[in-house]
1. Loop only per DSSP, at most 14 neighbouring Cβ atoms within 10 Å: give me the trypsin sites (Lys or Arg not before Pro) in region 28-66, ordered by residue number.
2. Rounded to the nearest 0.05, what FRET efficiency do LEU92 and THR70 give with R0 = 35 Å and r taken as the Cβ-Cβ distance? Could you check?
3. Roll a 1.4 Å probe over the protein heavy atoms and report the accessible area of HIS27 in Å², nearest 10.
4. Leaving out ligands, DNA and RNA but keeping every protein chain, what accessible area does LYS84 have, in Å² rounded to the nearest 10, with a 1.4 Å probe?
5. On a full-extension model of 0.36 nm per residue, what is the gain between MET54 and ASN37, subtracting their alpha-carbon distance, rounded to one decimal in nm?
Amino acid sequence: WVDDSLHSALALSHVRDDDELGIQLLHDIKNIFEKNNNPENIFTANILKELESMEERPWPEFQKSGKLITAQGIAKLLKPFEIKPNSIRKGLKKGKGYKLSHFKDAFVRYLGDTKPKKDKTSLGVKIKRGKRGNTEKSRVA
C-alpha cells in the first residue's frame, strides 16, 4: 500500500506542477498580448516565437529533449482553463491561434485584477480650472 500511496502522491504533484505551469503560461501569454497592443487574436507561431525568447522561463527548454514548447504543449497547458486554439485570420493570413476574448476570464481568475489602479496621489479630488483662473474642487468616485 505504501507504493500505491507514493504513486498517488507523485501523480497529484504532477498535476499541481502542470497547474502552476499553466498559470505561468497564462501570465506570459497575457504579457505577449499586452506587448502587441492587445490584438483580438495572435497566431500560435507568434506566441511560440515570443516564448522562445523568454530565456528565464521554462518555455525554451520545456520538452524532455530540452527543446522549445510546442503548439500542442501550449494547448495542453491551457486546456484546464477551457482555452483552445482556433482558426484565425489577420488580413490575408490564416492559421491557428488564440483569441484574446477567450483568455479574459482566466486572466482575471488566475492572475488577479487586471484593471488599472486608481491614482492614489489624487486622493479622489478633481480640480477644474475656470475661464478666469478660478479653481473648483469636486469629489471623484
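The values are calculated or read from the model by the stated rules, or taken from the named source; none is laboratory data. Nothing here was measured: the structure is a model prediction, and the numbers come from that model. In this analysis, Cβ positions are derived from the backbone assuming ideal geometry, glycine residues included, and neighbour counts consider all displayed protein chains. Side chains included, ligands, DNA and RNA excluded: accessible areas come from the protein's heavy atoms. Shrake-Rupley method; radii C 1.70, N 1.55, O 1.52, S 1.80 Å.
1. On the way: sites: LYS30, LYS35, LYS49, LYS64; in loops: LYS64.
For trypsin sites (Lys or Arg not before Pro) across region 28-66 that sit outside H, G, I, E and B with at most 14 neighbouring Cβ atoms in 10 Å, the list reads LYS64.
2. 0.85
3. 80 Å²
4. The accessible area comes out at roughly 130 Å².
5. Details: separation 17, 0.36 × 17 = 6.12 nm, distance 1.86 nm.
Extending this stretch completely gives an extra 4.3 nm.
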